[in-house]
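> Take a look at the following structure, please.
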Amino acid sequence: MTLQILLAISAILFAFGLAAALSRSNAIMIVIGIELMLGAANLNFIAFWRFSENPSDLAGILFVIFSIGVAAAEAAVGLAIIILVHRRIRSVEVDDASNLKG
Amino acid sequence: MISSLESAPIDVLHWFLGLLGSFGVPAWILAIISALIIIGTIIGVFLSLFALTSVMERKILARVQNRYGPNRAGPFGLFQPIADGIKMITKEDLVPRTADWIVHFLAPVVMMVPALLVLAIIPYGRDMVPAELDAGILYFFAVGAGTEVAVFMAGWGSNNKYSVLGAMRAIAQMISYELPLVISAIVTAMISGSLSPSAIVSAQGGFAFGFVPQWFALTPWGFTAGLIFYICALAESNRSPFDLPEGESELVAGHLTEYSGFKYATFFMAEYVGMFAICGMFVTLFLGGWQAPLPFLDIIPSWCWFLGKVCFVAFTMIWVRATLPRLRIDHLLAFAWKFLLPMSFAAFLSAACWHYAGRGPLAWILSLAIVGIPYLLLGNAFTNRFSVSRRTYLFSE
Amino acid sequence: MVTDFLKTCCADPMKLIGEWFVILPALVLLLAAAAAVVMRNLIHAALLLTLSFIALGIVFIALGAEFVGFVQLLVYVGAVAMVIVFSILLTKPDQLTKSRNLLSGFAPAAGVAVAFTALAALLGFIFSSPLAKKPMPAPASAPVAAIGEALMGDYVIALIVLGILLTAALVGAAVIAMEDKP
């Protein structure tokens with residue numbers, strides 16, 4: 001197995017996430033898409049750490065740990081916002097949240 | 001072939017593998033056979049423990065409530081599990097017409113898998129860890145997280161309002177109690193300097209003054225963390241007094257409402273195996289794992305001590321179930337977030353002070369103070385908040 | 001002892017099962033992610049997302065990053081997936097299927113087109129890069145103790161900042177979602 005395969009897997013995963021985040025109108029689906037993209041990025045870090053010359057340098061691993069922590073914070077705040085929006089406009093479709101549109 | 005009772009299970013396994021090896025079986029097949037034997041033994045032991053507990057629990061509950069309990073099937077009702085099993089398997093397997101059948105079908109499977117997987121890292125005796133993992137504790141909690149998914153799948157897949165309500169309660173409860181559970185477990189990892197369960201057990205070896213075991217439960221911070229872990233273990237395995245996800249009086253059976261026959265039995269089994277796993281973890285982390293409580297009791301093999309301790313902890317859980325009434329959902333969540341979580345942080349701090357104060361008398365005073373003061377403050381605040389007015393019974397005299 | 005015996009046999013799971021230990025979970029990951037993206041039913045999408053998180057965790061473990069794999073399972077399956085599911089349940093489960101789907105209308109189709117252009121570009125770079133043709137080096141592992149030393153040593157400031165971020169996110173999420181007092 002070469003690094004290419006892992007990178008290709010991660011690129012495909014990223015594209016799926018991007019498609020979900022850009023084209024689905026449900027806010028929760030957008031969060032799901034963002035989580036997939038973050039997962040793809042993490043997979044890249046682990047793949048490069050695995051193929052590095054010096055695996056005792058743990059920068060790749062540590063970056064993933066921090067990235068997982070940030071993703072958890074992002075999911076919590078994002079979903080709290082979605083629940084608040086749902087309480088205000090009774091919908092989780094991003095198209096409906098258009099109060100500020102000119 | 002058997003050098004001592006202590007290593008008997010391992011010796012038998014090695015003798016059997018050696019026998020196979022002498023017939024010219026290649027090494028990789030031996031490895032697979034060895035793994036299969038270990039897995040089979042563990043699952044067999046825990047499933048028979050489950051069968052025994054399912055009848056013992058009813059006997060103990062009956063004893064507490066001053067009645068007989070099951071006593072028809074076999075001597076003392078001991079064959080009750082067999083009768084129950086036959087009843088469960090022969091029952092009709094109902095799937096509601098509006099149910100999401102694939103999620104409904106997968107939920108028991110998803111429930112069973114983590115319950116069995118977590119058994120892999122528990123040290124059952126001296127040198128008897130099925131999978132020696134560097135990050136064993138983390139593995140335990142990571143795999144255990146699968147249970148929440150299963151509960152949600154069961155609740156939502158049934159398409160029943162009681163099921164969904166029960167599942168939502170269960171998830172809220174599990175997420176809330178997961179935090180103090182993990183933090184109180186991490187405290188022991190911090191003191192023993194490792195996330196591997198066997199290293200934590202060996203850190204609890206030895207005796208102070210020659211007879212007091214150095215278990216973590218016998219230190220101020222360890223006692224606090226252990227108590228928190230025990231309470232959270234009750235909540236995580238959905239046992240009374242935290243069993244309101246399946247509280248019969250309000251929600252029929254919560255997420256299990258629409259399950260019958262073998263699927264229900266699978267849930268039941270997974271819950272009990274999960275309970276034993278978390279009891280095993282409690283024993284490993286706080287009660288010294290397979291270590292004997294007194295030096296001269298070392299002659300009894302370590303795996304007997306482990307099993308004995310696990311059975312004792314499981315017995316206390318049944319005892320708690322017989323004694324305490326069910327909590328209300330808001331009290332339950334408030335208890336987790338406002339009392340258990342700060343207390344687990346206090347235990348964390350106390351353990352750090354214990355370590356840096358040299359683990360001597362000064363450490364005892366310091367860590368007792370750090371645990372005791374928050375306990376008094378929080379406990380006071382809680383009793384004021386939920387003060388119970390004295391009940392007067394008009395017509396009962 | 002038993003563990004030693006197992007260790008010698010399974011010291012290197014990659015050798016035992018080969019590359020399939022990585023490829024199979026990766027395939028599950030991609031299939032589950034694709035299904036999650038196109039699924040109309042939100043709950044099914046969330047459950048498939050959970051499956052893809054599990055598969056990703058297994059890929060991490062197979063690549064030798066055990067610790068990260070377990071953290072991935074604990075945080076994503078135990079927390080993030082459950083929070084997503086919970087918020088789906090809190091926001092009207094009966095309107096689940098009303099949502100706009102992929103490729104229905106101009107804007108979503110444009111989104112998918114952008115995603116696939118990005119994918120084509122990424123794949124082009126990946127397969128033309130000389131770096132990517134490197135063969136796999138000897139199995140690596142990241143011992144927990146070393147990760148702990150690094151977190152408490154060189155990366156301690158990042159760790160503290162992450163702690164502050166998580167606390168702020170927790171308090172912020174609670175405040176945002178709190179019911180307005182009438």
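Where a number appears in this text, it was derived from the coordinates with a stated rule and is not lab data. A quick note: this is a predicted structure, and the numbers were derived from the prediction, not measured. Glycine gets a Cβ as well: all are built from the backbone with ideal geometry, and neighbour counts include every protein chain shown.
> How large is ³J(HN,Hα) for each residue in segment B:229-237, as worked out from phi by the Karplus curve 6.51 cos²θ - 1.76 cosθ + 1.60 (θ = phi - 60°), to whole Hz, x for Gly and Pro?
My calculation for segment B:229-237 gives 4, 5, 4, 5, 5, 4, 5, 5, 8 Hz in order.
> Take the Cα coordinates of segment B:1-90, assign each an equal point scatterer, and use the Debye formula without solvent to give log10 I(q)/I(0) at q = 0.13, 0.14, 0.22 Å⁻¹.
Those come out to -0.67, -0.71, -1.01, one per q.
> If you average the sequence gap of Cα pairs under 8 Å that are 6 or more apart and divide by the length of chain B, what percent do you get for the contact order? Before the final figure, lay out the partial values.
Values: 534 pairs, mean separation 77.3, N = 397.
It comes to 19 percent, rounded to a whole number.
> Helix A:59-89 sits at what angle to the longest principal axis of chain A, using alpha carbons and giving 0 to 90 degrees rounded to 10?
With both axes taken from Cα atoms, the answer is about 10 degrees.
> Go through segment A:52-102 and name the GluC sites (Glu not before Pro) that are in a DSSP coil and have 12 or fewer other Cβ atoms within 10 Å of their Cβ.
A:E53
> Same structure again: How far is it, in nm, from the label point at C:F125 to the one at B:T392 when both lie 7 Å from their Cα along the line to the Cβ?
Result: 7.9 nm between the two label points.
> For segment A:4-102, which trypsin sites (Lys or Arg not before Pro) pass both filters: DSSP loop (anything but H, G, I, E, B) and at most 11 other C-beta atoms within 10 Å?
Qualifying residues, ordered by number: A:R90, A:K101.
> Obtain the radius of gyration and the Kirkwood radius of segment C:143-182 from its C-alpha atoms and give Rg over Rh.
Rg/Rh for segment C:143-182 comes to 1.32.
> Roughly what would the spin-label model give for A:S98 and C:A174, points 7 Å off Cα along C-beta, in nm?
For the pair A:S98/C:A174, the computed spacing is 3.8 nm.
> Label chain B by shape, choosing from rounded, prolate and oblate, from the square roots a ≥ b ≥ c of the eigenvalues of the Cα gyration tensor; if a/c is under 1.5 it is rounded, and otherwise prolate applies when a/b is larger than b/c, oblate when it is not.
Oblate shape, in that a/c is at least 1.5 and b/c is the bigger or equal ratio.
> Let me ask another. Within the set of other residues whose C-beta is less than 10 Å from the C-beta of B:L61, count the net charge using Lys and Arg as +1 and Asp and Glu as -1.
Around B:L61, the surrounding residues sum to +4.
> Once you put a point 7 Å from the Cα of B:V109 and another 7 Å from the Cα of A:E53, both along the Cβ direction, what distance in nm separates them?
Simple spin-label model gives 4.7 nm for this pair.
> Could you estimate the translational diffusion coefficient of segment B:66-197 from the Stokes-Einstein equation, with Rh from the Kirkwood formula over C-alpha pairs, at 25 °C and 0.890 mPa s, in whole µm²/s?
136
> Okay, next question. Indicate the gyration tensor shape class of segment A:3-89 (rounded, prolate or oblate), computed on the Cα atoms with a ≥ b ≥ c the square roots of the eigenvalues: a/c under 1.5 is rounded; otherwise a/b larger than b/c is prolate and the rest oblate.
Since a/c reaches 1.5 but b/c is at least a/b, the shape of segment A:3-89 is classed as oblate.
> If you don't mind, another one. What does the C-alpha gyration tensor say about the overall shape of the protein assembly as shown? Classify as rounded when a/c is under 1.5, otherwise prolate if a/b is larger than b/c, or oblate.
Note, shape of the protein assembly as shown comes out rounded.
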